[in-house]
Amino acid sequence: MRPQNLQDYVGQRHLVGEGCVLRNLVESGNLTSFILWGPPGVGKTTLARIVASTLDREFYTLSAVSAGVKEVREVIDRAKADRGSVFNTGRPSPILFIDEIHRFSKSQQDALLGAVEDGTVVLIGATTENPSFEVINPLLSRCQVFVLKSLDTEDLAILLDRALKEDEILRNLNIKVEETDALFRFSGGDGRKLLNVLEIVIDSNRHKSEIVIDNKTVTSCLQENVARYDKGGEMHYDIISAFIKSVRGSDPNAAVYYMARMLDGGEDPLFIARRLCISAAEDIGLANPNALLLANNCFQIVEKIGMPEARIPLSETAIYLASSPKSNSAYMAINAAMEVANKTQTAAVPLYLRNAPTKLMEELGYHDGYLYAHDYPGHFVDLEFMPEELAGVKFYEPGENRHESGLRTYLQACWPKYYGSATEEKDK
């Protein structure tokens with residue numbers, strides 16, 4: 001059921017729709033190396049094959065699960081051997097597709113750098129993990145990253161209809177689809193899982209003259225799988241969501257339980273450690289800045305020692321974060337600032353805040369009027385640091401916790417126009 005062209009490709013309209021970035025890249029023929037990052041079963045491998053087929057490129061493929069440096073170099077050497085014919089015929093560089101590129105070690109990724117840099121191959125990598133953490137910077141800087149999304153119900157409906165009409169076996173069976181809610185829910189936005197679930201349901205009812213697909217039938221066929229943790233599917237996202245919400249909700253018992261579910265199901269402990277780092281910054285933040293330090297140290301320890309011992313620092317960190325006071329003030333501040341920054345990219349930096357390394361810039365008034373805070377009492381000067389059109393805008397609001405109450409007092413002393421005065425607040 002794998003589509004062979006962009007017209008039949010389902011999902012990722014933000015990338016392959018008319019006029020969108022990846023479609024434009026393919027239609028221009030000027031292909032550069034890129035990485036496809038998204039959950040399982042959303043069409044990463046299919047998209048790579050369609051790109052190669054559309055552009056009539058030689059297509060080499062490796063799986064990071066089974067390939068090592070030796071296999072990488074063999075493919076690159078094969079591509080280099082063909083370079084003479086490539087230059088003579090004008091054919092472009094071949095495509096090297098690496099599935100699960102996040103599983104490549106640093107040395108394996110290093111082996112790709114030269115070939116990607118000189119154009120021996122165009123690299124297309126596929127990963128379910130954040131490339132910022134799993135791909136080395138030199139390789140990441142040579143690739144664009146395209147983010148793929150889980151398939152929505154409209155996409156899944158197209159795949160279901162196509163399978164029932166075009167599959168050589170299914171189209172000859174008497175299948176009646178009455179309800180799709182359970183079918184799509186168990187698929188969890190994963191096209192491959194949708195087809196697998198469909199196959200299980202039909203195989204379980206093949207003896208019937210008419211196979212009716214409804215919510216009850218799907219649920220009963222898959223009942224045994226519901227309780228299992230699936231690190232590649234819907235339960236993966238449900239469990240990690242419950243884990244983070246338990247930490248945010250200050251329930252150490254639930255946090256440890258859901259973490260145990262993940263570890264028992266074979267989840268990568270570094271994935272859990274990364275989520276703890278995010279939670280420490282987003283949910284605890286300035287209420288307890290030490291939380292982020294502990295979470296970062298936990299990540300480094302887990303990376304060094306691995307399982308099964310890694311479960312112990314993970315447990316310690318999860319309990320500490322869940323038991324810590326909470327504040328999302330830093331998270332809210334950067335979100336608000338990003339929204340405003342997106343709309344004010346042309347806002348001019350005040351002249352007195354700009355450096356003046358040349359005489360011309362001095363004459364234009366750069367740096368003129370800047371006051372060096374350390375030359376003044378309290379190491380503070382009342383100077384407007386925002387662009388003129390944003391003067392008076394406030395993004396950070398201290399939370400109601402012991403640590404940030406000290407920050408609020410300091411900011412009130414410095415910036416009463418933003419935060420009011422401590423005396424006024426006390427009277428109030």
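The values are calculated or read from the model by the stated rules, or taken from the named source; none is laboratory data. Source: prediction; values computed, not measured. Note that we place each Cβ from the backbone using ideal geometry, even for glycine, and neighbour counts take in every protein chain shown. Heavy atoms of the whole protein, side chains included, go into the accessibility calculation; ligands, DNA and RNA do not. Shrake-Rupley method; radii C 1.70, N 1.55, O 1.52, S 1.80 Å.
Apart from one condition, SER187 fits all of (1) polar (S, T, N, Q); (2) open to solvent by 40 Å² or more (accessible area, probe 1.4 Å); (3) farther than 20 Å from ASP268 by Cβ; the exception is (2).
Answer yes if at least one residue in segment 253-274 is closer than 20 Å to HIS403 by Cα and either modelled with pLDDT of 95 or more or out of contact with any Asp or Glu (no Cβ under 7 Å at 6 or more places or on another chain) (or both), and no otherwise.
So the first thing to find is which residues in segment 253-274 are closer than 20 Å to HIS403 by Cα, and the list is none.
Looking for residues that are closer than 20 Å to HIS403 by Cα and either modelled with pLDDT of 95 or more or out of contact with any Asp or Glu (no Cβ under 7 Å at 6 or more places or on another chain) (or both), one finds none in segment 253-274, hence no.
Taken as a whole, the structure leaves GLU134 outside the set of residues that are on the phi < 0 side of the Ramachandran plot, among the charged types (D, E, K, R), surrounded by fewer than 15 Cβ atoms within 10 Å (Cβ to Cβ) and modelled with pLDDT under 85.
If you check VAL381, VAL393 for being in a loop (DSSP other than H, G, I, E, B), over 27 Å from ILE284 (Cα atoms) and among the aliphatic types (A, V, I, L, M), only one passes: VAL381. Taken over segment 40-56, the criterion of being under 21 Å from PRO92 (Cα atoms) and either aliphatic (A, V, I, L, M) or modelled with pLDDT of 85 or more (or both) is satisfied by THR45, THR46, LEU47, ALA48, ARG49, ILE50, VAL51, ALA52, SER53, THR54, LEU55.
Filtered by the rule that a residue be modelled with pLDDT of 90 or more, of a type in the set (Ser, Thr, Tyr) and assigned to a helix (DSSP H, G or I), segment 314-352 gives SER315, THR317, TYR320, SER323, SER329, TYR331.
Would it be correct to say that LEU164 is assigned to a loop (DSSP other than H, G, I, E, B) and at pLDDT 85 or above? No, not satisfied. For beta carbons closer than 7 Å, sequence separation of 6+ or different chains, a first residue in segment 19-34 that is among the hydroxyl-bearing types (Ser, Thr, Tyr) and a second that is assigned to a loop (DSSP other than H, G, I, E, B) and surrounded by 18 or more Cβ atoms within 10 Å (Cβ to Cβ), the qualifying pairs are SER33/CYS143.
Only one entry of PHE243, PHE271 meets the criterion of being closer than 19 Å to ASN130 by Cβ and open to solvent by less than 10 Å² (accessible area, probe 1.4 Å), and that entry is PHE243. Of all residues in segment 353-378, those being surrounded by fewer than 11 Cβ atoms within 10 Å (Cβ to Cβ) and not in a loop (DSSP other than H, G, I, E, B) number 7. Figure legend. Inter-residue proximity from segment 179-192: first residues touching a residue at least 40 places away in the same chain (Cβ under 8 Å), second residues open to solvent by 40 Å² or more (accessible area, probe 1.4 Å) and among the aromatic types (Phe, Trp, Tyr), beta-carbon distance below 8 Å, spacing 6+ or different chains. Indicated pairs: GLY188/TYR237. The test for being in contact with a Ser or Thr (Cβ under 8 Å, 6 or more places away or on another chain) and basic (Lys, Arg) does not hold for LYS343.
Just to be sure before I move on: is PRO398 modelled with pLDDT of 85 or more, closer than 27 Å to ASN290 by Cα and open to solvent by less than 50 Å² (accessible area, probe 1.4 Å) in the structure I sent? Yes; evaluated as a whole, the condition is true for this residue.
Which of the residues that make up segment 367-386 are of a type outside the set (A, V, I, L, M, F, W, C) and either modelled with pLDDT under 85 or closer than 24 Å to GLN412 by Cβ (or both)? Let's see the steps before the verdict.
First, the residues of segment 367-386 that are of a type outside the set (A, V, I, L, M, F, W, C): 367-370, 372, 374-379, 382, 384.
Listed by number, the residues that qualify are TYR372, HIS374, ASP375, TYR376, PRO377, GLY378, HIS379, ASP382, GLU384.
Considering only residues in segment 178-210 that are among the acidic types (Asp, Glu) and not in a helix (DSSP H, G or I), the one that is farthest from ASP238 (Cα to Cα) turns out to be GLU210.
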